[in-house]
Amino acid sequence: MDARKIFEKIVENWPAKVLSVVLAIVLFVFHQLSTLVEESFSAPLNIESSGDLIPSKSYDQSARVTLRSDERTINTVDRDDIEIYVDLLNIDIPGTYTVPVLVRKTGSAANVDPLEIRVNPAEIEINLDYKVSKSVPVTPNFRGSLDNGYEMISYSLAPNQVEIEGPQSVIESVDSLSTESIELAGRRSNFVTTSRVMSPAPLMSFKGSGIVEVQGRIQELIMTRNFDNLPITISGLNNRFTASLNIDRGSVRVEGSQNALADYILWGTVLSLDCSNIESTGTVEIPVTVTVPPQFSLIRHEPMSVSVSIEANLDESISDESNPGEITSDDSGNGGAA
């Protein structure tokens, strides 16, 4: 068969043949489309810039990514190999910009084809400002109250300053920072704890950990208290003598912790005169001896001394063989708090 006849055979009923080919292509494409699947996931939105400019306001930090391909192809793609980002490398002036969200295929997704990738949103509006840093002081944020009778006398932080960085408009407005809440309730002694420094703006960051050590010094509250109208007791006087006092009552002022001293009642002998060395009658000045509980400190007492008149004991009912004992003034007795 010559070429002429072959050509005539080919073009014979050509409309029908072309229609058949087109139909076959349509059916093939339809079949392919019917076998494609979609899968969506959220991915972080990366900012690529020179570092001199950074976002100065909140923006969408993630985007929705949709993959479309056949099921086998989609299953071979690691979602971490689909990167989405905005390119700010050519921007060097602060301001507000609308930029497209771009896609980069890496790793398992690099050479996959066919693979359709859609991103939502397709573009974002972003505000840019110069990136700056500075050091600011940190103060502790104490919460609650110490137990009754205790006080914090000092505290310290290490470090007491932190370096912050971020957009210039944000950093310039920050003069100091505080820590997270540090609970004081229940504390009765010195303590050391760590606390995170609070960030007032999501676009501000710390150069370092942003954690400080807080030390607090706690002590009991100290108070002073007067005990008045306390009897002055005579002790050690030989029973051959009797004694009379020109002052038979006195007072003491003591210091101690508030919890121990506030409701304390003095009892027993507090103010006394030691007359054990008296061997003859007459008038003698005897210093007052003070006995207070060991948890308290004596600040002062009155009187400092008492004039005592010593006379012979004329009571014949007291024998010379009797042992010396305690003799008190006429209105003396056990000490007590007024």
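Readers should treat all values here as calculations from the given coordinates under stated rules, not as data from a laboratory. What you see is a predicted model, and the numbers here were worked out from it, not measured in a lab. With ideal geometry, Cβ positions are generated from the backbone for all residues, glycine too; neighbour counts draw on all protein chains shown.
For this structure, a couple of remarks:
- S178-S276 pseudo-label distance in nm [points 7 Å out on the Cα-to-Cβ vector]: 6.3 nm
- K105-A158 FRET efficiency (beta carbon distance; Förster radius 51 Å; 0.05 resolution): 0.60
- Rough spin-label spacing in nm, given labels placed 7 Å along Cα→Cβ, for N46 and V112: 1.7 nm
- Between Q168 and R300, residue separation times 0.36 nm minus the direct Cα-Cα distance comes to 41.2 nm.
- Spin-label pair E255/K207, simplified geometry with 7 Å Cα→Cβ offset, distance in nm: 4.8 nm
- With R₀ fixed at 41 Å, the C-beta to C-beta distance from D80 to S199 puts the FRET efficiency at about 0.90.
- Global geometry of segment 131-220, whether rounded, prolate or oblate, following the gyration tensor of its Cα atoms and the 1.5 cut on a/c: prolate
- Distance between segment 138-205 and segment 258-285 - C-alpha centres, whole angstrom: 52 Å
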